[in-house]
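Data first, discussion second: the structure below is written as structure tokens.
The values are calculated or read from the model by the stated rules, or taken from the named source; none is laboratory data. In this text the structure is predicted, and so the values were computed from the model without any measurement. Note that we place each Cβ from the backbone using ideal geometry, even for glycine, and neighbour counts take in every protein chain shown. These area figures cover heavy atoms from the full protein model, side chains too; ligands, DNA and RNA do not enter into them. Shrake-Rupley method; radii C 1.70, N 1.55, O 1.52, S 1.80 Å.
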Amino acid sequence: MSAFEIVRRTHIDADPGHVHDLVNDFRRWRGWSPWEDVDPGLQRDYDGPQAGVGSAYSWSGNRKAGAGSMVITESSPERIGIEINFLKPFKATNQVAFDIVPASAGADVAWSMNGEQTGMAALFARLVNVERLVGKDLEKGLARLKELAES
């Protein structure tokens with residue numbers, strides 16, 4: 001087992017509340033998430049409240065998209081916490097957080113993912129630089145979130 005944490009940051013020239021709303025509602029992730037376009041046939045299901053704590057999203061797609069679910073476990077103006085459960089291609093449970101800090105002319109946003117690598121995920125991590133691989137996705141997602149929030 002090995003613990004990991006991946007963090008990427010950006011500044012968004014938009015109201016922090018608007019940024020929060022784009023992250024706090026899984027239905028709005030289709031406009032910015034880096035994983036939404038990896039499978040045009042992605043199956044999506046939503047459960048619980050529209051947004052905030054208890055809101056849930058599950059997906060199932062091609063080999064690249066995999067399958068899993070997410071649930072918002074924490075939601076305040078400054079932080080959204082999410083538990084993400086991957087089912088395919090590897091089983092794993094990770095914690096995701098979006099820290100949204102008001103800053104001059106907008107918000108400083110940090111997107112982090114942490115967890116433990118076990119089983120096949122640990123073996124995969126030995127072969128591939130997971131920090132770089134997932135980090136690129138987080139950077140892409142933050143760039144898309146920034147573009148959407150600022151438009």
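Could you compute the FRET efficiency for ALA105 and ASP37, with r as their C-beta to C-beta distance and R0 at 35 Å, rounded to 0.05?
Rounded to the nearest 0.05, the efficiency is 0.75.
State, to one decimal in nm, how far the label point of GLN50 lies from the label point of LYS91, with both points 7 Å from Cα in the Cβ direction.
The modelled label-to-label distance comes out at 3.6 nm.
Quick one: which residues, 5+ away or cross-chain, put their amide H under 5 Å from the amide H of PHE90? H built at 1.01 Å from N.
Here the answer is none, since no amide H 5 or more places off falls under 5 Å of that of PHE90.
Once the dipole of the chain is set up with Lys and Arg at +1 and Asp and Glu at -1 on Cβ about the Cα centre, which of PRO49, ALA97, ASN62 lies farthest towards its positive end?
Result: ASN62.
Using a simple spin-label model with points 7 Å from Cα along the Cα→Cβ vector, what separation in nm is obtained for ARG79 and ASN62?
Modelled inter-label distance: 3.8 nm.
Compute for the stretch 10-70: radius of gyration divided by Kirkwood radius, i.e. Rg/Rh, restricted to C-alpha atoms, rounded to two decimals.
1.01
Would you mind estimating how fast the stretch 20-120 diffuses translationally, via Stokes-Einstein at 10 °C and 1.306 mPa s with the Kirkwood radius over Cα pairs, in µm²/s?
Answer, rounded: 111 µm²/s.
Accessible area of the chain with a 1.4 Å probe: how many percent of it is carbon plus sulfur?
Looking at the chain in its full context, I get 52 percent from C and S.
Quick one: accessible area per residue over the chain, 1.4 Å probe, rounded to a whole number of Å²?
Ligands and nucleic acids excluded, the figure is 54 Å² per residue.
Does anyone have the angle between helix 130-150 and the longest principal axis of the chain? Alpha-carbon axes, 0 to 90°, nearest 10?
30
Between LYS136 and SER151, what is the label-to-label distance in nm when each label sits 7 Å out along the Cα-to-Cβ direction?
2.4
Assigning unit charges at the beta carbon (Lys, Arg +1; Asp, Glu -1) and nothing else, what dipole magnitude in debye, to the nearest 20, does the chain show about its Cα centre?
Value, rounded to 20: 660 debye.
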